1. Using a label position 7 Å from Cα in the Cα→Cβ direction, what is the ascending list of nm distances from D:Lys218 to the same site in the other copies?
2. So which aspartates and glutamates pass the test for C:Lys46, namely a Cα distance under 20 Å, with those fewer than 8 places away in the same chain ruled out?
3. Need one number for region A:15-142: average projected area of the convex hull over its C-alpha atoms, nm².
4. Tell me, what is the percent relative contact order of chain B, built from C-alpha pairs under 8 Å that lie six or more residues apart?
5. How about region B:133-233: which trypsin sites (Lys or Arg not before Pro) there lie in a loop by DSSP and see at most 15 other Cβ atoms within 10 Å?
6. Along the Cα-to-Cβ line of C:Gln221, 7 Å from the Cα, sits a label point; which residues in region B:205-240 have backbone N less than 17 Å from it?
7. Let me see the P(r) profile for region F:84-134: every Cα-Cα distance counted, bins of 10 Å, each bin given as a percent of all pairs.
8. Would you mind checking the pairs D:Lys80/F:Lys22; E:Lys142/E:Lys228; F:Lys31/F:Lys52; A:Lys22/B:Lys79; D:Lys7/D:Lys142; A:Lys80/A:Lys112 and listing those with alpha carbons more than 32 angstrom apart?
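The values are calculated or read from the model by the stated rules, or taken from the named source; none is laboratory data. Computed from a predicted structure; not experimentally measured. Cβ placement follows ideal geometry from the backbone for every residue including glycine, while neighbour counts extend to all protein chains displayed. Keep in mind that these areas ignore ligands, DNA and RNA; they rest on the heavy atoms of the full protein, side chains included. Shrake-Rupley method; radii C 1.70, N 1.55, O 1.52, S 1.80 Å.
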Number of protein chains: 6
Amino acid sequence: MRYNNRKADQLRPINVELGINKHAEGSCLIKCGDTHVMCTATVEEKVPTWIKGTGTGWITAEYGMLPRSTQTRMDRESKKGQSGRTHEIQRLIGRALRAAVDLKAMGEISIKIDCDVIQADGGTRTASITGGFMALYQALEKLVSEGKIKQNPIKDSVCAISCGICDGQAYLDLDYNEDSSAETDSNFVITGSGRLVEIQGTAEGEPFTTEQLMDLLKLAQKGCDELKNLQQTLLGYKGA
Amino acid sequence: MRYNNRKADQLRPINVELGINKHAEGSCLIKCGDTHVMCTATVEEKVPTWIKGTGTGWITAEYGMLPRSTQTRMDRESKKGQSGRTHEIQRLIGRALRAAVDLKAMGEISIKIDCDVIQADGGTRTASITGGFMALYQALEKLVSEGKIKQNPIKDSVCAISCGICDGQAYLDLDYNEDSSAETDSNFVITGSGRLVEIQGTAEGEPFTTEQLMDLLKLAQKGCDELKNLQQTLLGYKGA
Amino acid sequence: MRYNNRKADQLRPINVELGINKHAEGSCLIKCGDTHVMCTATVEEKVPTWIKGTGTGWITAEYGMLPRSTQTRMDRESKKGQSGRTHEIQRLIGRALRAAVDLKAMGEISIKIDCDVIQADGGTRTASITGGFMALYQALEKLVSEGKIKQNPIKDSVCAISCGICDGQAYLDLDYNEDSSAETDSNFVITGSGRLVEIQGTAEGEPFTTEQLMDLLKLAQKGCDELKNLQQTLLGYKGA
Amino acid sequence: MRYNNRKADQLRPINVELGINKHAEGSCLIKCGDTHVMCTATVEEKVPTWIKGTGTGWITAEYGMLPRSTQTRMDRESKKGQSGRTHEIQRLIGRALRAAVDLKAMGEISIKIDCDVIQADGGTRTASITGGFMALYQALEKLVSEGKIKQNPIKDSVCAISCGICDGQAYLDLDYNEDSSAETDSNFVITGSGRLVEIQGTAEGEPFTTEQLMDLLKLAQKGCDELKNLQQTLLGYKGA
Amino acid sequence: MRYNNRKADQLRPINVELGINKHAEGSCLIKCGDTHVMCTATVEEKVPTWIKGTGTGWITAEYGMLPRSTQTRMDRESKKGQSGRTHEIQRLIGRALRAAVDLKAMGEISIKIDCDVIQADGGTRTASITGGFMALYQALEKLVSEGKIKQNPIKDSVCAISCGICDGQAYLDLDYNEDSSAETDSNFVITGSGRLVEIQGTAEGEPFTTEQLMDLLKLAQKGCDELKNLQQTLLGYKGA
Amino acid sequence: MRYNNRKADQLRPINVELGINKHAEGSCLIKCGDTHVMCTATVEEKVPTWIKGTGTGWITAEYGMLPRSTQTRMDRESKKGQSGRTHEIQRLIGRALRAAVDLKAMGEISIKIDCDVIQADGGTRTASITGGFMALYQALEKLVSEGKIKQNPIKDSVCAISCGICDGQAYLDLDYNEDSSAETDSNFVITGSGRLVEIQGTAEGEPFTTEQLMDLLKLAQKGCDELKNLQQTLLGYKGA
C-alpha cells in the first residue's frame, strides 16, 4: 500500500466535467486526484502555410500553469517567457493528439488545444493529453454537426499516464510527492487500441534495467485501459 | 429593461466559492454572470527592498486571461509579453487592495493576489477587485490564526463595479455586449463605508457631462453596497 | 498660498513654442512650469488594416521620457522595454486626441503624436495632451492646405490638467512636490465646450468623498478653460 | 542493405579528435558520419545557490547549431532566441551526463558542456552526449591531476544513439534522410554497463507495438556497446 | 561652393546653450546646423564592480534619437530594442570622453553622458561628442566645487567632426544630403592638443587612397581646432 | 622581437582549408595563429524588398563566437541577445565584402557570409573578412558554373588585418595578449589593388599622432599584400 492508500497499480480518482467553457468549441475540466487541468479546443478554418492547399488539417497544443497552481507560487511566464519545460510539454501534447486523428480527412482546419493547469499535484502533462483528447473530440463532433467535416476523422482515442520506480518498485500514476522521490520517471501515451504513441523514461537517480522498463510499460497499459474506458463512456465514442 | 432582462440598476447574478485552491493562503472563484475569475493570495514573509526595515507590509496583484476566456481565442501573454492593458489592470487591482489595509499594522509581509480570468463577459477587472479582496482577507485571517500578525489589519472592505452610458442612459454592471456599444465606460472602486478609492470614466464616443458622471456614480454606489453585503456575509466580516 | 506662491486654483506659468521641428507635420514645445514636453505630429497616408476601406482616419500617441528628465536619472526604455506606466499614458493621450476629431471626416489618414518629456516636474501626461492637440491641429491644417482633406475635421479642442487633494484641500495643476504628497491624485481631459473626455481619480492614501470629487472637477474645469483660451489664441482656432 | 550501404544494425563511421580547443578544460570534435559536433568542457569552482554548502557538484549542458550546419541555412538563435527544441536537447544532454558522475564525490565544482553542431546529418543530440562524455571525462581528469578532486568521480561511462522504424523495419543510427521518413524515431542513452538512463520513442506516423520497442532497444544496446568501446579506448578508461 | 553655400573646409553654424536641464549635473543643447543634440551628465558616487576598490572613476555614454528627429519618423527603440547603430555610437562616445579624463584622479565616481538627438541632419555622433564633453566638464567642475574631487581631472578637451569625399573631393562637416551621396564617410575624434583619439573611415562606394585619407584628416584637424576654441570659450577652460 | 618570436611587421602563421562544409555554397576554415574562424556562404535567389526589381544583388554577414572560443567562457548570445560588439563586427564584415563585388552585375541574388569563431586569440574580425572573402568567391564561382550569373562580379579581392601601438612601437597582426596591452588598436580593410575600404583606429590609452597613424597604415599594407597573395593562390584568382 502506498502512503496515499493506493495499490501500486491503482489510478488516482478521476473526475471529468465536459463543456465548462461557453466560448470554446470543446472543453473539459479534468481532475486526476489533486491535479486539475482545464482543456479547451479552438477551431480555426485555416492551416499553417506549409500545408496550405494540401487539404490536410493540423492540431497543436499550448500548455500553461496558473501561478499558484503549485505549492510555492511560480512566476508568470508572461513576465519571464516560456520555459524549456513548457515548450517540451506542449510539443508532446500536440504530437500525442495528432496521432489520434487522420489529418488528411480533416480538411484545411486547425484545432488548438489549450491545457491550463489550475492546480498541480503531479502528472499535469498526462492529464493534459487525456483531457485534451476529450476537448478535441468535442470540437470535431461540432464540426461534423455543422457540416464542415463529413465524418469525424478520429482514428483512435489517445490517453496518457505516468509511472515511476520508487525504492526499486514500479508504481502507476505518481502524485507530486512520489514523483519527487522516484528514481525513474516515465510517461506513456497509448492509443485506445493499446499501441504506443510516445514513451519517455528518465533515470533521475540510478539507471534502470530492461526488466524495469517492461514493468513500467505494463502498469501504463493497465492505467490507460481504464482511462480509455472513461473517455469512451463520457464521449459516447465506441473506439477505433 | 435591458436585453438580458436586467433593470438599469441591477447587478448580474453573483456566485462566490471560497477556498478553491489547496495550495494558496486564500482563494476564491467569483462568477459575475458569465465572467469567472479565480483569485488566489500568496503570502511571503519579506518585503521589497525599498520598505525593508520599516515594519510595513506590501500588497500587489497580477492579472491574466486564459487564452480561450474570450469569444475569439487570444494569444498567450507568455508568448507575446504582457500587454499595456494587463499592466494597467494589475496596477489598478493592487492600488485598490492596498487601500483596504493598514500596511503599517501588517508587519514586513507581502501578499500577492493573482486574478486569472477563466471566462470573460465584461467587468473582469472589477470582479478581480471584488474577489481579490476576499482572497486577501482570508490570507490575513490565516496570518492572524498562525500568530504572525496580532490583529487583522483590514481597515475597510473594498469592491468594484463598472457602469456605462448606452444611448444616453446610465446602466450598472455592463456585460460584454453592453460594454462594446457604450458611449462612456467607467469603473468605480468603493470602500465598505462608501468612500471612493478609484474612479475612471472614459468617453469612447461622445464626451459626457457632469450630470451623467453623477448618474454613473450613484449606480456604482448602489452596486457596491450590494457587493459589500455579500463580501461581509461570506467572510463573516463586520466591516470598518 | 502654496509653497510655490500659487493660489489653490492657479495654473503654473505656461509657454508654448509652435513649429520647433523642421521635419514634423506639426510640432510644439510646451512648458507648464518646469515640465517641458516636445510634441510632434507625423502624418501617414494609410490606416491600420482593421479600418482600411472604411474612409475613416486614425490617431495614436506615443510617450517617452528622456533619461535625465527626472531628478534621479531613469534607465532608458530602449534598454528595459516600455513600462506599464508608459503604455497607460500613451493610450490615454491617444483616446483624448481622438475625441477631438471627426475621424470619419478625416479620410484614410493616420496621425501619430509623439510626446517626449524633456524635463519633468509633475503633470507630464496632461501637458502632453494639451500640447499634443496643438501639434495635431497644425498637421490637420497642413493636410487641408495641401488639399488632402477638404475641411479640418476637428470637432472641438481638447486639453487636460491634473488636480489633487493635499491635507484635505483641493489644488489645481500639481507640481512634482505637491503630487508626491497628495492623498488623491486626479487627471481630467476636457473639451473646449466643457464636456468630459476622461476622468481618473485615485486615492493614494485616504479614500475620497463625492464632495471632494466635485471640488476637483470644478478646479479642472477652471484650469482647462484657461488652457483652451491659450490653445485657441495660438492656433487661431475659434472653437467648436 | 540501406541506401547508404549500411546494414540495419550498423553504425556510421565514427571519428573523434580529442583536445581540439586550447582554452577548454576538455574538448573533442566527434564525427558520426556527416554529423560533426564540437564539445567543450568548462570548469567553474562554484555551484548554483541551491546546492551551495552541500559539497555536491553540478553538470549542465548547452547545445547550439551553427547557422549553416543544416542543408538550408537556419536563422541564428542569437537573433530569434532559443527554440523549444534547443531547450529540450540541452536538458537531455545535461541529465545524461549527470547520470555518469557521482556528484557528491565531485565537490563544489560545476562543469558546463557546450555542444555545438558544426555540420548536421541526423543524430546531433546523441553525438553530443557521446562526445560530451569525453570532454567531461577529460575535465575531471584535469581536476584530479591538479589536485582539486582526489579521485575521478565518474561512476560509469555514458553514450547515446538513435534508432528508428522505416517501412516497418528497425534501423540503428539514422542519418537525416532516414530520420525524415521514419515512422518511429527513438533515442537511447545507455551506460557502459548497459543500463538505461533515458529512453524516448515517438511515433511520427503510425503508433508502434511493444515488440517494435524491444527491437529498437536491442539495436541501441548493440550500437552503444560499440560506442562505449571507442570511448574507453580513446580515454584510457577501464569502465565502471 | 557647396549647395548650402559653404566652402569645402567650412563648419556649419554652431550654437551651444549650456545648463538647459534643471536636474542634471551638467547639460547643453548643441546645434550644428540643423542637427540638434541635448547632452546631460549624471553623476553617481559608485563605480562598476570590476573597478570597485581601485580608486578609479568611469565614464559611459548613451545615445538616442527622438522618433521624429529624422525626416521620416523612426520607430522608438523602446518598442523594438536598441539597434546595432545605437550600440556602435554610444560605445564611440564613451571611448572618446574617457580619453579626455584622468580616470585615476577622478575617484570612485561614475558619470553617464546622455546624448539625445532632438533633430537630425547629419553628424549626430560627432555633435554628441563635442556637446557631451561640455556636459562632462560642467559635471566635473560641480564635483570640484562640492569638494568631492580635489581638482578637475580633465587631461585635455575632446571634440569630433565628420568629413567625406563626394565626387572625388574632400569636404568638412557633411550634412545629411551630402552624407547620403558621399563615396567615403569618416569621423575623427581629436583632442584639444591635436592628437587622435579615434579615426573611422568607410568607403561606401569606391575604396579610397592614402592621399585621400590625408586630405580628410587635414580638414578634420581644422574643424576640430575651431570646435576646441568654442568649447574653451564657453567653458572658461584654458586647455591641457 | 616580440614575446611570440615575431618581428614587428610579421604576420602569424596562416592556414586556410577550403570547402569544409558539405551544405554551404562556399566555405573555409581560416587559422591565423590560434584564431580559428569558420566561414560559410549561403546563396539565396532573392533580395531585400528595398532593392527588389533593380537587378542588383546584396551581400551581408553574420558573426558569432562559440561560447568557449575565449579563454574564459562567454555566455551564448542565444541566451542574452546579440551584443553591441557583435552588431558592430557583422556590419563591418558586410561593408568590407560588398566593396569587393559589383553588386549590379550580380543580379537579384543575396549571399550571406556566416563567420563563426571556433577559437579566439585576437583579430577575429579581420580573419572573418579575409576568410569571408574566400567563401564569397567560391559561392560566386558556383553561381557562374551553374549558369546563374554570366561572369564572376568580383571587382577586386579584399582582406583585413589589425595593427597596434604597444609601448610606442607599431606592430602588425596583434594576438590577444598584445591587443590587451596596446595603447592604440586599429583595423584596416584593404583591396587587392591596395586601396582602403575601411580604417578604424582607437586610442585605448594615450591619443596617437598622425605619424603613428602612418606607421600603422604601412604595416597594414604590407600584411594585406601577403594575405592577398595567399587568397589569390588558394582561389586561383588573378586579381582585379
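1. Here D:Lys218 shows inter-copy label distances of 2.1, 7.8, 8.8, 8.8, 9.6 nm.
2. Those aspartates and glutamates meeting the cut-off are C:Glu25, C:Glu62, C:Asp102, C:Glu108, C:Asp114, C:Glu141, C:Glu146, E:Asp75.
3. With the hull built on Cα positions only, its mean projection is 8.1 nm².
4. Once divided by the residue count of chain B, the mean separation gives 20 percent.
5. Of the trypsin sites (Lys or Arg not before Pro), the ones in loops of region B:133-233 whose Cβ has at most 15 other Cβ atoms within 10 Å are B:Lys148, B:Lys150.
6. Counting backbone N atoms under 17 Å from the label point, the list is B:207-217.
7. 22, 53, 20, 5
8. Pairs exceeding 32 Å: F:Lys31/F:Lys52; D:Lys7/D:Lys142.
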